[in-house]
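Here the structure is laid out as structure tokens; the discussion comes afterwards.
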Amino acid sequence: MMQLDTLIIFNADGDTRQIRFRPGQLNIITGESGTGKTSIIGILRFLLGSTSPNASFGPIQNTVSWYGLLAHVEDTRIFIGRPAPPHGVTTTDAMLTVGEDQVPDYSSLEVNTNTGELIDYLGGLIGIEENLHVPAEGQTRRALAANFKHSLYYCFQGQGEIANPDLLFHRQNRDYQKQAIRDTFPYFLGAQNSDALRKRQELSELRRSLRRRSMQLEEALTARELGVGRAAGLIVDARSSGLLPFETVPGDAGEAFEMLSNALSATAPPVSIDELDEADDWEKLISSRADLRSALREINDKIRGLDEYARVGTEYGAELNEHRVRLASIGLIPESINAEAACPVCEGPLNDDGRHQAIVNSLGRVAQRIELAQRDQPRVTGARSELIQTRNHIRAELADVDIALDELAGNDDIRAASQKTWDQQSFVRGRIAQYLETATLESDETMIGLGEAIESLEAKIAMLADELNPDALRSAVDSLLRIVGRGMTTLAQSLPLEHSEHGVRIDPYRLTVVADTMQGPAYMDAGAIGSGMSWVGYHLTAYLALHGYFIANDRPVPRFVVLDQPSQAFFPRERKTGGDLHELSDTDRENTRKLYKMMFDTVTAFDGELQIIVFDHADFEDSWFQESIIETWRDGTALIPREWYIKE
């Protein structure tokens, strides 16, 4: 199974920094803070398929050009390389070579794959089979297949995780990761095998078939029981719209279907009118009426003008005549005035001073004007008579036009009624077509066959659903974790850890450690288990017990565990130097030693099946501890060599 051989860091000059791990053993890198130990987990995860090494600003970010990893799965040797991305940038570029057991030259590094293909290859290499976790009905999350990245939940414990009572598994507090662990945990435990996927797919197909057959049977029953009733309304509409004769009455569903089919094929319009193109006639009549009305208005204006002219002439003649009457008295005076002429009123002598002649002249002019005014009257009267005759003629033509328009309007009403009937028929015909397309009239044999098929499908679905019952899966997971819990309890009692006397186990739903006590279950994430020693100890025992189970049952999980500062409960993170055991109390020093001795003894017991890699401050003088140290990072020694970033 998969273990790590060498971590390689390349700079841009082609220089390498190599950290060689011992397969099947405890590997300890001890040293001071700030030397890059914590960064190794991010780098290893990056090399195993994540999108970023999460390298902080500083020597790593400034000097590293490529990351590399030599690893093996049984007899298969692989090299994984990843180009170092800038800070905050993600990448899927990767290099994978199979059969490689030596560190390649920097010049030979090149991208030849991506993280998706890398994860698929590694998953297949460690034995991850095709699998799928399907959420229970009513849940909205998508089905999830376990892959290589999910197996890494059980291979890493970061600095902020191993002593955190609220977390148990790696990256458990990240978005969506908690549910992903819950969904894939049963597969890695072996609670569901590869046959479960085939059964789930078969169950989905059977349920789709059942829904389809049930709908067919329901439609057939509806057509039989309500065939005449559902069609009755359509038949009534077809009769009222003229698609069917009024005496049409169906006897059963079959006759109703036939009648509606006949109505659907009736396409001739119920009313036929032989009509000319009357749209032009209508427009011509409207235009003619407008012209006639305009001419009628002009004639009326002319008649009013003549009447006004005649009125003025009459009044003018009357005034002239009155003036003439007043001047007519001049006739009493003799036409010639001499010495003997006398006034006819006063009989006095008349003098010939010209006034008599002036009056005579004025009377002559008045008489002439009266004659002129009377001479125009016959012409005015004649012109008025002609205009009246023309007006009467126009009025007659206008009446004819109005009659013609009324007749056309009547034809439009007939056409509108006809169109309405045709529209009604089209609407009814559409409803009939929709009904006939969706309604079927199945035979007795067909309905019996549908019923038998549904019963058979329901029986198969019930059997498969019982095999894939979420409760059954939950029961299987709980049963297997009880086995894991026995190994975990043995390890916890050997330290011993708080509340371990009655047994401890992993809760797969809360994803925490729970200890059985006389007062009830004590959950680590609920504060029922205290002290840093217990938190670190239960994380460690849980991982060691799980890997013991994975090894014993040949589960597809890499056979390495990487731990960052398991002694941090005793050596705080803010220490500038680490490993000074003399500063600790005897109890803390002994507890730290117990944790490492348990790791060493467990790895020894597994006889090469498990590899543990630890980064820490602690440094014990025990021979087994010293033999487990692969590198010591103090006095300038660190992940990145000083000569890479400090130049003379």
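The values are calculated or read from the model by the stated rules, or taken from the named source; none is laboratory data. Every value quoted in this text rests on a predicted model; they were computed, and no experiment measured them. Neighbour counts are summed over all protein chains in view; Cβ atoms, including those assigned to glycine, are modelled from backbone coordinates with ideal geometry.
Hey, among the residues in the range 636-648 that are of a type outside the set (Ser, Thr, Tyr) and in contact with a strand residue (DSSP E or B) (Cβ under 9 Å, 6 or more places away or on another chain), which one's farthest from Asp13 (Cα to Cα)?
The qualifying residue farthest from Asp13 (Cα to Cα) is Ala638.
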Exercise for the section: Scan the range 574-606 for residues that are part of a loop (DSSP other than H, G, I, E, B) and modelled with pLDDT of 95 or more and report the count. Expected result: 0
Exercise for the section: Answer yes or no as to whether Gln3 is crowded, with 21+ Cβ neighbours inside 10 Å, assigned to a strand (DSSP E or B) and of a type in the set (S, T, N, Q). Expected result: yes
Exercise for the section: Could you tell me which residue of the range 87-126 is farthest from Ser52 (Cα to Cα), considering only residues that are in contact (Cβ under 8 Å) with a residue 60 or more places away in the chain and touching a helix residue (DSSP H, G or I) at 6+ places or on another chain (Cβ under 8 Å)? Expected result: Ile126
Practice task
Kindly establish whether Leu563 is outside any helix (DSSP H, G or I) and of a type in the set (A, V, I, L, M, F, W, C).
Solution key: yes
Handout entry: Matching residues in the range 605-642 - criterion: being of a type in the set (D, E, K, R) and closer than 21 Å to Gly36 by Cβ
Key = Asp616, Asp619, Glu631, Arg634, Asp635, Arg642
Handout entry: Members of the range 95-131 found to be in a loop (DSSP other than H, G, I, E, B), within 38 Å of the chain's Cα centre (by Cα) and not charged (D, E, K, R), listed by number
Key = Val111, Asn112, Gly127, Ile128, Asn131
Practice task
Report, by residue number, each residue of the range 20-47 that is surrounded by fewer than 18 Cβ atoms within 10 Å (Cβ to Cβ) and assigned to a strand (DSSP E or B).
Solution key: Arg20
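Suppose the filter is buried (at least 16 other Cβ atoms within 10 Å of the Cβ), in the same structural domain as Tyr121 (by TED's automatic domain parsing) and either over 28 Å from Arg634 (Cα atoms) or of a type in the set (Asp, Glu) (or both); does Arg17 pass it?
For Arg17, the condition - buried (at least 16 other Cβ atoms within 10 Å of the Cβ), in the same structural domain as Tyr121 (by TED's automatic domain parsing) and either over 28 Å from Arg634 (Cα atoms) or of a type in the set (Asp, Glu) (or both) - is not met.
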Exercise for the section: Go through the range 14-41 and give me each residue that's small (Gly, Ala, Ser) and closer than 18 Å to Gln611 by Cα. Expected result: Gly24
Exercise for the section: Tell me which of these Ala439 doesn't satisfy, since it passes every other one: (1) at pLDDT 75 or above; (2) under 40 Å from the mean Cα position of the chain (by Cα); (3) surrounded by 14 or more Cβ atoms within 10 Å (Cβ to Cβ); (4) not aromatic (Phe, Trp, Tyr). Expected result: (1)
Completion exercise
For Ser50, the lone unmet condition from (1) in a helix (DSSP H, G or I); (2) within 26 Å of Arg171 (Cα to Cα) is (1)
Practice task
Pick out the one residue from Ala163, Ala145, Ala136, Ala191 that is at pLDDT below 90 and buried (at least 20 other Cβ atoms within 10 Å of the Cβ).
Solution key: Ala191
